[in-house]
1. Set the Förster radius R0 to 35 Å, insert the Cβ-Cβ distance between ILE197 and LEU136 as r into 1/(1 + (r/R0)^6), and round the FRET efficiency to 0.05.
2. Can you tell which of PRO115, PRO44, PRO134 shows the greatest fluctuation in a Gaussian network model of the chain with Cα springs below 10 Å?
3. Identify, among THR81, SER116, LEU101, the residue whose Cα sits farthest towards the positive end of the charge dipole of the range 72-121, taking +1 on the Cβ of Lys and Arg and -1 on the Cβ of Asp and Glu, with the dipole about the Cα centre.
4. Would you mind telling me which residue in LYS55, LYS97, LYS106 has the biggest mean-square fluctuation in a Gaussian network model of the chain, where springs connect alpha carbons within a distance under 10 angstrom?
5. Counting pairs of alpha carbon atoms under 8 Å apart in space and at least six apart in sequence, what relative contact order in percent does the chain give?
6. Which residue, LEU158, LEU71, LEU181, has the most motion in a Gaussian network model of the chain that connects Cα atoms within less than 10 Å?
7. At what distance in angstrom do the alpha carbon centres of the range 183-200 and the range 84-154 lie from each other?
8. Return the subset of LYS23/LYS62; LYS167/LYS202; LYS62/LYS138 for which the Cα-Cα distance in this structure is over 27 Å, preserving the input order.
Amino acid sequence: MDSYYPIMLNISGKLCKVIGGGKVAERKVNSLLECGGEVEVISPILTRELEKYAKEGVISVKRRKYVYGDLEGSFLVFAATNDEKTNEECLRECREKDILLNIVDKPDKCNFIVPSKIQRGDLTITISTNGKSPALSKKIKEELEALYSEKYIEYVNLLGEIRKRVKMEIADINKRRDIMLKIINSGIIDKYIGGKINDLKKELYDFYKKLIMD
């Protein structure tokens, strides 16, 4: 199997199609909607959740089986069916039209795969074994979920605020980098997670002020 090039895709406003209407397809649809994709589902049968999305206009639906040509104009496609013939036709169309395709549980027939993911606001951590061991990816994900708690959502937002301030207040790019590294390596987030400090914003900004005064 070839190695996959790790990349984060911006799918906002892009047409993404899901072949299939079961629970697996539902999960793929949810992940695409979370990232702003325009989603079309092609399936004669839909889960209750997908039916709800269709009625609300959240997704568009073709209530029939996939036929060659349905993927025209797609940015990416998920094939989430147990029908090998359908999967093979999707693969043929995507190859001919240079469309990104993931056939669920068939990494050897995909030109992209979806890694295990941990989301903490704007912090995204992905884990992949190149399709060789989803079980190991799951184990590592569970370990990292315990290490990077929901408190990292606030932490990342505050780092973003401070970085903007540093760029406005410090002209020297090397000094900027040094300040940000010192903040990140200060251990403040560990104290916050451990309950030793209550106001994360105050601690980070006080530390920043001390750095620029030194």
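1. Here the calculated transfer efficiency is 0.50.
2. PRO44
3. SER116
4. Between LYS55, LYS97, LYS106, it is LYS55 that shows the largest mean-square fluctuation.
5. In percent, rounded to a whole number, it is 13.
6. The residue that fluctuates most here is LEU181.
7. 32 Å
8. Long pairs (Cα-Cα over 27 Å): LYS62/LYS138.
The values are calculated or read from the model by the stated rules, or taken from the named source; none is laboratory data. On a predicted model such as this, the values are computed, not experimentally measured, just so you know. For neighbour counting, all protein chains shown are included, and Cβ atoms are generated from backbone atoms with ideal geometry for every residue, glycine included. Accessible surface areas use protein heavy atoms only, side chains included; no ligands, DNA or RNA. Shrake-Rupley method; radii C 1.70, N 1.55, O 1.52, S 1.80 Å.
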